[in-house]
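Here is the structure we will look at.
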Amino acid sequence: MVKKISELRADFPILDQTVNGEPLVYLDNAASSQKPKQVIQKLVDYYEHDNANVHRGVHTLSQRATQAYEATRDKVKRLINAPSEREVVYTKGTTEAINWIARGYAQKILKPGDEIVLSYAEHHSNIVPWQQVCEQTGAKLVYLDLNKRGQVELADAKQKIGQKTKLVSLAQVSNVLGALNPIKEIAELAHANQAIMVVDGAQSVPHMPVDVQALDIDFLAFSGHKMLGPTGTGILWGKRELLELMSPLDFGGEMIDFVELDHSTFKEVPWKFEGGTQNIAGVIGLGEAIDYLLSIGLDQIQAHEQALMADVLPKLQQIEGFELYGSPDPKDHLGIISFNLAGLHPHDTATVLDMEGVAVRAGHHCAQPMMRKLGVPATARASFYLYNTQEDADKLVDALQKTREFFK
Amino acid sequence: MSLSSLDNLYRQMILEHANQPHHHGNLPTADKQIELRNPTCGDVLELAVKLDDSGKIADVAFSGTGCTISQASASMMTDEVIGKTPAQVAEMVEAFSEMITAKTDKDYEKLLGDAVVLEGVAQFPARIKCATLAWKAIYQALQEGGHEHE
């Protein structure tokens with residue numbers, strides 16, 4: 001990285017603390033990332049100098065707020081190489097973005113017998129909205145299997161994506177296994193069948209370069225808080241013509257052109273979706289987070305995490321009773337490692353790690369179908385990000401060895 | 001911090017119960033059966049209860065998956081409720097919940113027996129749900145007797 005990791009860590013005030021008497025080692029980034037002081041300061045500056053409602057105001061503060069709020073669209077455009085900032089819609093997160101696609105778009109076009117293709121590795125936020133749509137429309141869900149590397153298998157996708165398929169929705173990177181799916185190939189397959197390709201980018205956009213034009217996908221959803229931004233921010237990107245077809249779900253203030261007594265006309269894309277006063281400060285903070293990520297480079301962040309994976313995975317696998325889920329190859333883990341210690345419930349593991357200052361997640365990671373496929377009720381999950389160091393990785397290994405000994 | 005603070009949570013008796021749980025399995029002739037889930041961690045607990053003619057608990061058995069705390073708590077609960085009336089069990093469940101959440105100095109041993117070793121869970125708020133699952137299950141099995149999810 002251009003910025004040395006020691007300098008970069010100094011940007012994250014929260015990392016400089018002890019937890020249970022030990023230096024904090026934060027390895028729960030797949031759930032939510034920490035925020036650099038640049039983002040925190042941006043929120044403070046906004047509230048101290050520019051706070052006002054956007055779009056409506058003639059006065060100076062409203063103009064400043066509007067300009068800063070709208071500027072984030074252009075930053076998102078650069079981040080994901082969207083053709084236009086007008087295709088960037090603000091949401092409160094990935095979940096809301098997928099729900100909007102499901103209810104605002106899919107529900108309008110699906111008919112009984114149509115199929116939506118997902119995979120067993122999806123997060124609940126990329127399963128439950130589609131179940132709801134199926135209930136409304138009579139469409140049905142088809143699940144893709146995973147190969148030994150934890151990815152969707154193309155051969156299986158070729159069997160299951162066909163003329164009945166109207167929509168395919170997949171995570172680019174699994175939040176449990178950390179494996180990268182062949183999105184470009186699947187999108188091609190979907191398009192060959194006139195189906196729409198939706199991508200859940202919650203675990204990919206923060207960690208690697210994502211180019212919506214190169215992938216040739218139709219919708220992309222991701223969260224701001226997993227990529228150094230404030231909570232309650234997210235992005236829905238969609239191809240212009242699809243966003244035009246998609247109906248808004250939040251009707252009311254801000255999103256209208258003219259309101260008559262019995263009907264109204266709506267603003268253009270993307271503003272027709274953003275009803276009510278939005279998370280203005282959050283969106284501006286997300287813009288700052290994107291600047292921060294782009295200043296380092298997503299390719300650099302990916303390389304840094306890859307180096308950590310290549311180092312830590314073999315060390316972890318040497319721990320007695322370490323059970324890894326997904327691929328044994330570090331290259332198939334984009335910063336995410338799910339595991340268990342033999343004979344030990346992950347909640348017990350996570351409690352011991354917490355006493356050592358190491359924050360990991362334990363549970364089903366909002367992916368109960370994936371857990372059933374793995375044949376376990378729950379796993380522990382360590383997930384890394386740009387500010388994690390070799391020392392963090394070593395501390396995880398050390399704390400897991402202590403966990404083993406404690407329960408011997 | 002050394003891991004010695006964990007000794008308050010993982011007391012020897014708790015580890016023994018978790019490793020070799022009492023009343024583990026099922027009861028083919030059960031009067032009441034319930035399955036409870038802890039949605040935050042995916043744990044599942046199945047509980048079967050057999051009542052005697054006077055309405056007291058004659059036998060009880062549990063199965064399912066869970067962490068050390070939830071398994072030990074279930075095991076201890078089964079030890080303590082046999083021979084009790086549903087009203088007595090309700091009182092115990094309330095006392096247990098109070099013990100691991102309220103951090104009072106009250107002595108619960110008379111009411112809860114060996115299960116008082118779980119009082120250390122109070123210092124680990126993230127684990128309270130693990131400890132209460134089995135107690136919620138017996139309460140709901142006796143009160144409603146239905147097939148419920150938490």
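Could you compute how fast chain B diffuses translationally, taking Rh as the Kirkwood radius over C-alpha pairs and applying Stokes-Einstein at 20 °C with viscosity 1.002 mPa s? Give it in µm² per second.
Working: Rh = 15.3 Å.
The calculation lands on 140 µm²/s.
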How big is Rg to Rh over region B:24-96, alpha-carbon atoms, Rh as the Kirkwood inverse-mean-distance radius?
0.97
Just going by the charge dipole of region A:41-295, with Lys and Arg at +1 and Asp and Glu at -1 on Cβ, which of A:152, A:113, A:71 is farthest out on the positive end?
A:152
Averaged across the residues of A:59-72, what count of C-beta atoms belonging to other chains lies within 10 Å of each residue's C-beta?
0
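Compute for chains A and B the buried accessible surface, both sides summed, probe 1.4 Å, and express it in Å² to the nearest 100. Write out the running numbers ahead of the final one.
On the way: alone 16810 and 7700 Å², together 22930 Å².
What A and B bury together is about 1600 Å².
Just the number: Rg to Rh for region A:135-210, Cα atoms, Kirkwood Rh, two decimals. Provide the component values of the computation, followed by the final result.
On the way: Rg = 12.6 Å, Rh = 13.0 Å.
Ratio value, two decimals: 0.97.
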With a ≥ b ≥ c from the Cα gyration tensor eigenvalues, square-rooted, and the rule rounded for a/c under 1.5, otherwise prolate when a/b > b/c and oblate otherwise, region A:1-134 is oblate
With an 8 Å Cα cut-off and a minimum separation of 6 or more residues, compute the relative contact order for chain B in percent.
30 percent
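Other chains near B:63-69: what is the mean number of their Cβ atoms within 10 Å of each residue's Cβ? Working shown, then result.
Working: counts 0, 1, 4, 4, 11, 6, 4.
What the average comes to for B:63-69 is 4.
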Value of [θ]222 nm, deg cm²/dmol, for chain A, DSSP H segments ≥ 4, -39500 (n - 2.57) each, nearest 500:
-11000 deg cm²/dmol
Compute from the Cα atoms of region A:41-295 the Rg and the Dmax, the latter being the longest Cα-Cα distance, and quote both in angstrom.
18.6, 59
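Given R₀ = 22 Å, FRET efficiency for residue B:26-residue B:126 by Cβ-Cβ distance, to 0.05? Numbers along the way, then the final one.
Numbers: r = 30 Å, r/R0 = 1.36.
The computed FRET efficiency comes out at 0.15.
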Pick from A:258, A:219, A:12 the residue whose mean-square fluctuation is largest in a GNM of chain A, springs joining Cα atoms under 10 Å.
A:258
Residue with peak Gaussian network fluctuation, chain A [Cα springs, cutoff 10 Å], from A:274, A:305, A:260
A:260
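Mind jotting down a quarter of the surface of the convex hull over the alpha carbons of the protein assembly as shown, in square nanometres, one decimal?
29.6 nm²
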Taking only DSSP H segments of four or more residues, each worth -39500 (n - 2.57), what value at 222 nm results for chain B once the sum is divided by all its residues, to the nearest 500 deg cm²/dmol?
-12000 deg cm²/dmol
If you roll a 1.4 Å probe over the protein assembly as shown with all protein chains in place, what percent of the accessible area is carbon or sulfur?
50 percent
Pull out the extension gain between residue A:250 and residue A:368, defined as 0.36 nm times the separation in residues minus the alpha carbon to alpha carbon distance; nm, one decimal.
39.5 nm
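Normalising by the residue count of region A:1-148, find the relative contact order in percent from Cα pairs under 8 Å and 6+ residues apart.
Details: 124 pairs, mean separation 18.8, N = 148.
For region A:1-148, the relative contact order is 13 percent.
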So if I take the centroid of the Cα atoms in region A:371-408 and the same for region A:1-61, what is the distance between those two points in Å?
26 Å
Probe 1.4 Å, all protein chains in place: accessible area of residue A:47 in Å², nearest 10?
140 Å²
Shielding of A:374-380 by partners, i.e. mean partner chain Cβ atoms within 10 Å per residue?
3
Heavy-atom accessible area of residue A:271 with all protein chains present, probe 1.4 Å, nearest 10 Å²?
60 Å²
Using protein chains only (no ligands, no nucleic acids) and a 1.4 Å probe, work out which residues of region A:343-371 have their accessible area cut by at least 20 Å² relative to the chain alone.
A:345, A:347, A:348, A:351, A:352, A:355, A:356, A:364
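About its Cα centre, how strong a charge dipole does region B:73-130 have in debye, to the nearest 20, once Lys and Arg get +1 and Asp and Glu get -1 at the Cβ?
Numbers: 6 positive and 10 negative charges, 46 e Å.
The calculation lands at about 220 debye.
So how strong a dipole does region A:280-393 carry about its Cα centre when Lys and Arg Cβ are +1 and Asp and Glu Cβ are -1, to the nearest 20 debye? Spell out each step's value before the answer.
Working: 6 positive and 14 negative charges, 99 e Å.
In debye, rounded to 20, region A:280-393 gives about 480.
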Quote the accessible area belonging to residue A:257 in square angstrom, nearest 10, computed with a 1.4 Å probe and with ligands, DNA and RNA left uncounted.
80 Å²
So how strong a dipole does the protein assembly as shown carry about its Cα centre when Lys and Arg Cβ are +1 and Asp and Glu Cβ are -1, to the nearest 20 debye?
1000 debye
Shielded by partner chains, region B:104-143 residues - at least 20 Å² of accessible area, 1.4 Å probe, vs chain alone
B:124, B:127
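The values are calculated or read from the model by the stated rules, or taken from the named source; none is laboratory data. Fair warning: this is a prediction, and the values are worked out from it, not measured in the lab. Positions of Cβ are backbone-derived with ideal geometry, glycine not excepted, and every protein chain shown enters the neighbour counts. Protein only, heavy atoms only, side chains kept; ligands, DNA and RNA dropped before computing areas. Shrake-Rupley method; radii C 1.70, N 1.55, O 1.52, S 1.80 Å.
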